[in-house]
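The structure appears below as structure tokens.
The values are calculated or read from the model by the stated rules, or taken from the named source; none is laboratory data. This is a predicted model, so every value here is computed, not measured. Here the Cβ positions follow ideal geometry from the backbone for every residue, glycine too, while neighbour counts run over all protein chains shown.
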Amino acid sequence: MGKGVVLLFVCSGNTCRSVMAEGLFTKAWGKWGHKEIPLAVYSAGMETIDGLAATGEALMVLSDEGVDLSDHRSQTVNDALIEKADYVFTMTSRQKEALLQRFPTATRKTWLITEFANPGKQGEITDPFGRGLGQYRRAATEIKEAVEKISEILGAKFR
């Protein structure tokens, strides 16, 4: 399979949801025993500026899961990230629509995160920014469920 599988998680600011998805997916990939399949995972934001740290709440939730992304810095989604990604996952339908307007070539590889994990089910991951640690934990739980399923699906596909 050569280059392996490349994933891109996208949210608004790349300081909360997509960061949690990046970290939780990487952990899930190892948990499912897919370490022999080369993997690259990135995250980016639709409405961000480059260089912002992940929120303290996102880092805390990730730390509770044994994941350290304290060196994460936000980046704006761009042509290069879209081009190298095999799969692009957004947190909301609105983000998916906006992304596909900006990057129409990504149509066949862009999914709402919950839609890919559970075909026919289109739940959205609500932005926890500024809404307290409880909302971050809720978003992380929803993301974790989705990325574990995605890891299972992709691991089986690329074996």
Just the residues that are in contact (Cβ under 8 Å) with a residue 12 or more places away in the chain, aliphatic (A, V, I, L, M) and over 15 Å from Glu22 (Cα atoms), please, taken from the range 79-116. Ile82, Ala98, Leu99, Ala106
Sort through Ile153, Ile143 and tell me the only one that's out of contact with any Pro (no Cβ under 7 Å at 6 or more places or on another chain), closer than 19 Å to Asn14 by Cβ and of a type in the set (Val, Ile, Thr). Ile143
With farther than 22 Å from Thr107 by Cβ, in contact with a Phe, Trp or Tyr (Cβ under 7 Å, 6 or more places away or on another chain) and surrounded by 14 or more Cβ atoms within 10 Å (Cβ to Cβ) as the only criterion, which of Val67, Val5, Val61 stands out? Val61
Tell me, please, whether a residue that is at pLDDT 95 or above, touching a Leu at 6+ places or on another chain (Cβ under 8 Å), over 19 Å from Ile153 (Cα atoms) and aliphatic (A, V, I, L, M) can be found in the range 22-31. no
Please go through the range 117-159 and give me each residue that is touching a residue at least 40 places away in the same chain (Cβ under 8 Å), among the hydrophobic types (A, V, I, L, M, F, W, C) and surrounded by fewer than 16 Cβ atoms within 10 Å (Cβ to Cβ), ordered by number. Leu133, Phe158
Considering each of Lys109, Lys157, Lys149, Lys121 in turn, give the residue that is among the basic types (Lys, Arg) and over 19 Å from Val5 (Cβ atoms). Lys121
Give Arg102, Arg94 a once-over and let me know the one that is out of contact with any helix residue (DSSP H, G or I) (no Cβ under 8 Å at 6 or more places or on another chain), at pLDDT 95 or above and either within 23 Å of Thr55 (Cα to Cα) or surrounded by 18 or more Cβ atoms within 10 Å (Cβ to Cβ) (or both). Arg94
Regarding Gln135, is this residue in a helix (DSSP H, G or I) and within 17 Å of Leu7 (Cβ to Cβ)? no
